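Colleague: The structure's right below; bear with me while I get my questions together.
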Amino acid sequence: MSDNDFDYGPLTGLIGTWNGDKGMDIAPEPDGTEHNPYYETITYTAIGDVENAEEQVLTALHYVQVVKRKSNDEVFHHQTGYWMWDAKASIVMHSLQIPRAVSVLAGGNYNGATNDDGQTVIEVAAASDDETWKIIESPFMAQKASTRSFSQKISVGDGKMSYSQTTMVDIYGKKQFVHTDENELTRS
Ligand code: HEM
């Protein structure tokens, strides 16, 4: 059986390599915000299933996201992680790591949501004070640039994918800076 033969539920449409050049990042700066138009490649690889404590079965995709600034073509964001589907509990989970020493385990229920275009709509969230879906960061980041919450919505179907995400950061002595990213991608 190939890894693509497992049931990845709402994640199925993500498998493959995606490119998009309509990205917009709004990031914190000491004196306000920075707007960064970007392009990126995201590759989702099906990796089969895992069994936990002989009772929970998760199917999973591993992904790598490489984001480049349009202004200079340099990589300015790199991210990796897993998307997991728990079919029995109808829960989607997204674990992500970024090389600022920040890790997130975001989760959400999936009950067949679609948009007007018939795309699958997946939503996950995490927060530092959430009971279940949490954020871990280095001592430096906890003190200087603490990620308080993360939420993400992905719409995928018919070879197209779009996402929007909001990361709330306490930074430069201010609370709850709204750091956002969004893009539209097509599968190659
Ligand atoms: C497409 C996705 C993303 C892009 C393009 C992006 C880009 C950026 C940029 C340009 C900055 C400002 C950096 C600087 O001034 O040196 C920044 C800061 C930050 N980002 Fe992101 N980011 C993304 C996603 C995320 C995610 C998913 C998280 C965490 C869950 C995150 C957490 C942070 C934090 C904590 C900072 C503050 C660090 C600082 O400015 O010194 N970012 N990001």
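The values are calculated or read from the model by the stated rules, or taken from the named source; none is laboratory data. Just so it is clear, the structure is predicted and the values come from calculations on it, not from any experiment. Cβ placement follows ideal geometry from the backbone for every residue including glycine, while neighbour counts extend to all protein chains displayed. We work out accessible area using only protein heavy atoms, side chains counted, and drop any ligands, DNA or RNA first. Shrake-Rupley method; radii C 1.70, N 1.55, O 1.52, S 1.80 Å.
Colleague: Between ASN111, ALA53, PRO30, whose Cα lies farthest towards the positive end of the dipole of the chain when Lys and Arg beta carbons carry +1 and Asp and Glu beta carbons carry -1, centred on the Cα centre?
Modeller: Selected residue: PRO30.
Colleague: Here's a follow-up. Using +1 at the Cβ of each Lys and Arg and -1 at the Cβ of each Asp and Glu in the chain, identify which of SER2, ILE171, THR120 lies farthest towards the dipole's positive end.
Modeller: With unit charges placed on the Cβ atoms, the residue in question is ILE171.
Colleague: Just to confirm, what accessible area per residue do you get for the chain at 1.4 Å probe, in whole Å²?
Modeller: About 54 Å² of surface per residue is accessible.
Colleague: Could you please state how large a percent of the accessible area of the chain is carbon and sulfur, counting protein chains only and using a 1.4 Å probe?
Modeller: C and S atoms contribute 49 percent here.
Colleague: Among the listed pairs LYS68/LYS175; LYS22/LYS88; LYS88/LYS175; LYS70/LYS144; LYS88/LYS144, give every one whose C-alpha distance is greater than 31 Å.
Modeller: Listed pairs above 31 Å: LYS22/LYS88; LYS88/LYS175; LYS88/LYS144.
Colleague: Applying the Karplus parametrisation 6.51 cos²θ - 1.76 cosθ + 1.60 with θ = phi - 60° to the phi angles of the stretch 119-134, what ³J(HN,Hα) value in whole Hz is obtained for each residue in order, glycine and proline being reported as x?
Modeller: 7, 6, 10, 10, 10, 9, 8, 8, 8, 4, 9, 6, 5, 10, 9, 10
Colleague: Further question: Residue-wise, which Karplus ³J(HN,Hα) couplings in Hz belong to the stretch 144-158, taking 6.51 cos²θ - 1.76 cosθ + 1.60, θ = phi - 60°, and x for glycine or proline?
Modeller: Once θ is set to phi - 60°, the couplings for the stretch 144-158 become 9, 8, 7, 7, 8, 7, 9, 9, 8, 10, 10, 10, 9, x, 6 Hz.
Colleague: Shifting gears a bit: Starting from the alpha-carbon convex hull of the chain, give the projected area averaged over all orientations, in nm².
Modeller: 11.8 nm²
Colleague: Could you give the size of the charge dipole of the chain about its Cα centre, using +1 on the Cβ of each K and R and -1 on the Cβ of each D and E, expressed in debye and rounded to the nearest 20?
Modeller: 540 debye
Colleague: Pop out the ³J(HN,Hα) list for the stretch 73-89 in order, Karplus 6.51 cos²θ - 1.76 cosθ + 1.60 with θ = phi - 60°, rounded to Hz; leave Gly and Pro as x.
Modeller: 6, 9, 5, 10, 8, 9, 8, 9, x, 10, 10, 10, 10, 9, 5, 5, 9
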